[in-house]
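To start, the structure under review is shown below, and the notes come after it.
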Amino acid sequence: MLLTVFTPTYNRAATLPRLYESLARQSSRDFEWLIVDDGSSDTTRVLIDEWAREGRVNIRYVYKDNGGKPSAHNLGVREARGDLFICVDSDDYLADSAVQTVTESWGCESGGEVGILAYKMLSDGRSVTEIRDTEVTSFTLKDGYDRHGLTGDTALVFKTEALRQFEFPSFDGEKFIPEGYLYDKIDTLGKLLVVREKIYVCEYLNDGYTANMKRILYKNPQGYFAYIENRLRIDRSVKHRFLDSVRYMAMAIAHRRPRKVREAVYPLLALLAYLPGYMLYVRDFKRYKNES
């Protein structure tokens, strides 16, 4: 099987039907839909049982106690049967030709890459992905953003065997780690094939991760530190090390992290980043200080 379409879900019975219908319309059938239910209490399981009986899509359903998207992702990677793996959130869906585009691109153009980077779009067809470097055919995700003019969200398809080399870490009392933690790890293995086709349709819901990202980051500081400290270790320029030191310092100030300068990846840069880090803390995190 070529592709695992993986969906972590939690109480999204209202949005899952749109994703299901998009998978039922796929022009290529060389995929499975692997759903990891992260402890839903709504009618998610009833819906999926009904769809499985219909037989329009090859569905596998795994239920787990609520632990957050990173833990669901770890389980999904372990359970996947496809050679390639794409995560499609429960409030998003795929273009009708998405699986076929992945199949044809991977079979005809791949040359040792660890995955594919394709475009995301809104439901009205407007792209949310842009690459200003029109000649580039492959890059690591970080180099895409740093050197090739990549902007916006992207549709990422990874080799499953590459994903299995890494996992999101877990921290007591926390359920979120920025996805960039994993992407930075995969960047160490190789480049992504650039496919300039819109295959993924995204919706930004009021109660989704994107709309509430600052609050989510504030509530999960250890996951954020794991991400930003790993990012600092792979930053190649002083500019990016400083900017990420500012982001590190903002969270360290927010949670009164002891020895925040001394134990930083780059202590001198962390010291220089203290004032802009405090300003970033005030802008992004201070409002959540008194939340339980």
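Taken together, the values in this text are just the output of simple stated rules run on the coordinates, not laboratory data. Only a predicted model underlies this, so the values are computations on that prediction, with no experimental measurement involved. As a convention, Cβ positions derive from the backbone with ideal geometry for all residues, glycine included, and neighbour counts pool all protein chains shown.
Determine the sum of side-chain charges near LYS260: Lys and Arg each +1, Asp and Glu each -1, restricted to other residues whose C-beta is under 15 angstrom from that of LYS260. Display every interim value, and only then the final one.
Numbers: positive: ARG247, ARG256, ARG257, ARG259, ARG262; negative: GLU229, ASP244, GLU263.
So the surrounding residues net to +2.
Our note on the geometry: Cα centres of region 245-292 and region 111-136, 33 Å apart. Here each label is just a point 7 Å from Cα along the line to Cβ, and for LEU122 and ASP153 those points are 1.2 nm apart.
Legend: calculated FRET efficiency, ASP133 to ASN212, from the Cβ-Cβ distance at R0 = 30 Å, rounded to 0.05, equals 0.40. For region 225-239, backbone nitrogen atoms closer than 11 Å to the point 7 Å from LEU272 Cα along Cα-to-C-beta are found at 238-239.
Which shape class applies to region 147-242: rounded if a/c is under 1.5, otherwise prolate when a/b exceeds b/c and oblate if not, where a ≥ b ≥ c are the square roots of the Cα gyration tensor eigenvalues?
Numbers: a/c = 1.40, a/b = 1.12, b/c = 1.25.
It comes out rounded by the Cα gyration axes.
Quickly estimate the mean residue ellipticity at 222 nm for the chain, helices only: each DSSP H run with n ≥ 4 gives -39500 (n - 2.57), and the total goes over all residues, rounded to 500. Rounded to the nearest 500, it is -11500 deg cm²/dmol. Look at VAL261, VAL246 and count the other Cβ atoms within 10 Å of each Cβ; fewest to most, that gives VAL261, VAL246. Over all other residues within a Cβ to Cβ distance under 12 Å of ASN74, the charged ones net out to +1, with Lys and Arg as +1 and Asp and Glu as -1.
All other residues with a Cβ under 11 Å from the Cβ of THR43 taken together, and with Lys, Arg as +1 and Asp, Glu as -1, what is their net charge?
Details: positive: ARG12, ARG45; negative: ASP42, ASP49, GLU50.
Net charge around THR43: -1.
Phi-derived couplings, Karplus 6.51 cos²θ - 1.76 cosθ + 1.60 at θ = phi - 60°, listed residue by residue for region 230-238: 5, 4, 4, 6, 9, 4, 9, 10, 4 Hz, with x used for Gly and Pro.
If you restrict to DSSP beta bridges whose two residues both lie in the chain, what percentage is antiparallel, to the nearest 5? Each step should come with its number before you reach the end.
Values: 15 of 37 bridges.
Roughly 40 percent of the beta bridges in the chain run antiparallel, per DSSP.
For region 33-56, backbone nitrogen atoms closer than 19 Å to the point 7 Å from ASP96 Cα along Cα-to-C-beta are found at 56. Given R0 = 22 Å, the distance between the Cβ atoms of ASP146 and GLU229 translates into a calculated FRET efficiency of 0.75.
For a quick check: sort THR15, THR154 by the number of other beta carbons within 10 angstrom, fewest at the front.
Working: THR15 18, THR154 22.
Ranked by crowding around the Cβ, least crowded first: THR15, THR154.
Extending 7 Å from Cα along the Cβ direction at ASP172 and again at ASP49 yields two label points whose distance is 3.7 nm. By other beta-carbon atoms within 10 Å, ranking PHE139, PHE285 with the fewest at the front produces PHE285, PHE139. Karplus-based coupling profile of region 135-146, in residue order and whole Hz: 9, 5, 10, 7, 6, 6, 4, 5, 5, x, 6, 7, with θ = phi - 60° in 6.51 cos²θ - 1.76 cosθ + 1.60 and x standing for Gly or Pro.
Compared with the dominant principal axis of the Cα atoms in the chain, helix 69-79 is inclined by about 50°. Between the alpha-carbon centres of region 142-163 and region 9-30 there is a gap of 24 Å.
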